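Chemist: Shown below is the structure under consideration.
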Amino acid sequence: MPGNPWMIGPVAGRVAGEITVAVKDLLDVAGTRTTVGSPVRSELAPIALEDAAVVSRLKAAGARIVAKANMVELAYGSQGLNPGFGTPVNPRSPELIPGGSSSGSAVAVGIGVADVGVGTDTGGSIRIPAACCGVYGLKTTHGSMPMDGCWPLAPSLDTIGPLAASLEMLVEGFRLLGGDLSESGDPPAIRVAASGDESFDSAVERVAESLGLPVKRGEIDLGELWRLGDTVMGFEAVRSAAGLDWDRIDPRVGSRLRQSQSITPQAYLEALGSRSDFQERFERLLDGGESVLILPTVPFAIPELAKAYDRWLNVMTLPFNYLGVPALAMPVSDPGGLVNGEGKEGTVPLSLQLVGVAGSEGRLLALAGAIEAATRA
């Protein structure tokens, strides 16, 4: 699509009756090169002989792969900018960042070129572009999707999941990927976690109260979970990018990789070793899985391109990669009128994040439907 480099390579045409899918270009699609959003990597990458495991699932379920979606180089960044292949244009307003690293997948569904975008999420890379582009995104439970044929950023955190312009299509995308929808009951209670921004926290509480369910405070140390998750991600990202010339990649990505070289093996192992304890605490917080945590996806206005790196975008998302639990980002109509961004050509609706215990994707999707119904009324 001219002027909007959301894809890498040509776009296949639509066929009536088929669900179209744009696949993030760190997943192998037979007959194409897996560039990982990197001109340097594309020079080295062979043409894939086989599809990634999830791509095989999509094709077997009848979906049509129409494009390889652009992304942040090496998947190591949440702003969505790509100086090598071009930055996908935010469909809500072009001067706002598209979010990353699954930027092209979010933009593809936002502009209607694909029904489903497939992305990966290591620290927020599905949920952040979903929030920036006003679409839906689902980070799945760590380990629930096969990672064969997927270029790794941080295997201890990497997950694969769908993005879509509607909740109905997000559910369909999850189904096509082989997701388990069996646990779909509504939770008896909602736990609200504070982001530190009063306006966003008030908006989340308004949405929660519209459901008519008991609302409780969810006391969780997101800062500590973020620190531990960043330690794991940084250490493993350095290993994944070890064979590439860092001097030829996006300077922002190269800088992050060099900073991450200071993470010691001891700090990395300690972060991994603490994980099970924090997972147990989180499950207790959610009453063994009977409750769902809700909070903002990005608790401030979506930045303009010129200010893309002024703030950390993954403060509310990376903690749940560290915990390995599913999390869903969805646009909502706040009864109080708060939006997540205002550009020159349009607004970005408030993005709400729903988080459950491992394996509770079906419950999160069902709750998202209840929230849609309540906030439309």
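The values are calculated or read from the model by the stated rules, or taken from the named source; none is laboratory data. Not measured: the values here are computed from a predicted model. Note that we place each Cβ from the backbone using ideal geometry, even for glycine, and neighbour counts take in every protein chain shown.
Chemist: Check LEU58 against each of (1) more than 23 Å from VAL315 (Cα to Cα); (2) hydrophobic (A, V, I, L, M, F, W, C); (3) touching a Pro at 6+ places or on another chain (Cβ under 6 Å); (4) buried (at least 23 other Cβ atoms within 10 Å of the Cβ) and name the one condition it does not meet.
Modeler: So the condition that LEU58 fails would be (3).
Chemist: Which members of the stretch 158-168 meet the condition of being in contact (Cβ under 8 Å) with a residue 40 or more places away in the chain and crowded, with 23+ Cβ neighbours inside 10 Å?
Modeler: Passing the criteria: THR159, ILE160, GLY161, PRO162, LEU163, ALA164, ALA165.
Chemist: Taking only the stretch 45-70 into account, find how many residues are of a type in the set (A, V, I, L, M, F, W, C), without any contact (Cβ under 8 Å) to a residue 40 or more places away in the chain and within 30 Å of ASP247 (Cβ to Cβ).
Modeler: 2
Chemist: Still on this model: Test LEU225 against the criterion of being under 26 Å from ARG258 (Cα atoms), surrounded by 15 or more Cβ atoms within 10 Å (Cβ to Cβ), touching a Ser or Thr at 6+ places or on another chain (Cβ under 6 Å) and touching a residue at least 60 places away in the same chain (Cβ under 8 Å), and give yes or no.
Modeler: On the way: under 26 Å from ARG258 (Cα atoms): yes; surrounded by 15 or more Cβ atoms within 10 Å (Cβ to Cβ): yes; touching a Ser or Thr at 6+ places or on another chain (Cβ under 6 Å): no; touching a residue at least 60 places away in the same chain (Cβ under 8 Å): yes.
No, not satisfied.
Chemist: Collect the residues in the stretch 34-68 that are of a type in the set (Val, Ile, Thr) and closer than 18 Å to ALA22 by Cβ, keeping them in residue-number order.
Modeler: Correct list: THR34, THR35, VAL36, VAL54, VAL55, ILE65, VAL66.
Chemist: Residue check, ARG41 against (1) within 22 Å of LEU244 (Cα to Cα); (2) of a type in the set (D, E, K, R); (3) in a loop (DSSP other than H, G, I, E, B), all met but one. Which one?
Modeler: (3)
Chemist: Among the residues of the stretch 61-91, write down those that are among the charged types (D, E, K, R) and either under 23 Å from ARG41 (Cα atoms) or surrounded by 24 or more Cβ atoms within 10 Å (Cβ to Cβ) (or both).
Modeler: Scanning the stretch 61-91 gives LYS68, GLU73.
Chemist: Exactly one condition in (1) over 22 Å from the mean Cα position of the chain (by Cα); (2) in a helix (DSSP H, G or I); (3) under 24 Å from ALA106 (Cα atoms) is false for LYS344; which is it?
Modeler: The one condition LYS344 does not meet is (2).
Chemist: Is it true that some residue in the stretch 356-372 is closer than 19 Å to ALA194 by Cβ, surrounded by fewer than 20 Cβ atoms within 10 Å (Cβ to Cβ), over 19 Å from the mean Cα position of the chain (by Cα) and modelled with pLDDT under 95?
Modeler: No, the conditions are met nowhere in the stretch 356-372.
Chemist: Would you mention how many residues in the stretch 335-352 are touching a Ser or Thr at 6+ places or on another chain (Cβ under 7 Å) and without any contact (Cβ under 8 Å) to a residue 40 or more places away in the chain?
Modeler: 1
Results for (1) among the hydrophobic types (A, V, I, L, M, F, W, C); (2) surrounded by fewer than 18 Cβ atoms within 10 Å (Cβ to Cβ), shown as yes or no for each residue.
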site	(1), (2)
SER274	no, yes
PRO303	no, no
ALA306	yes, yes
TRP312	yes, yes
LEU318	yes, no
LEU323	yes, no
THR347	no, yes
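Chemist: List the helices (runs of 4 or more DSSP H) that sit entirely inside the stretch 192-305 and contain at least 3 residues that are more than 25 Å from VAL135 (Cβ to Cβ) and more than 21 Å from the chain's Cα centre (by Cα).
Modeler: Ranges flagged: 251-260, 265-273, 275-285.
Chemist: May I ask you to list the residues in the stretch 83-109 that are within 12 Å of VAL348 (Cα to Cα) and of a type in the set (A, V, I, L, M, F, W, C)?
Modeler: LEU96, ILE97
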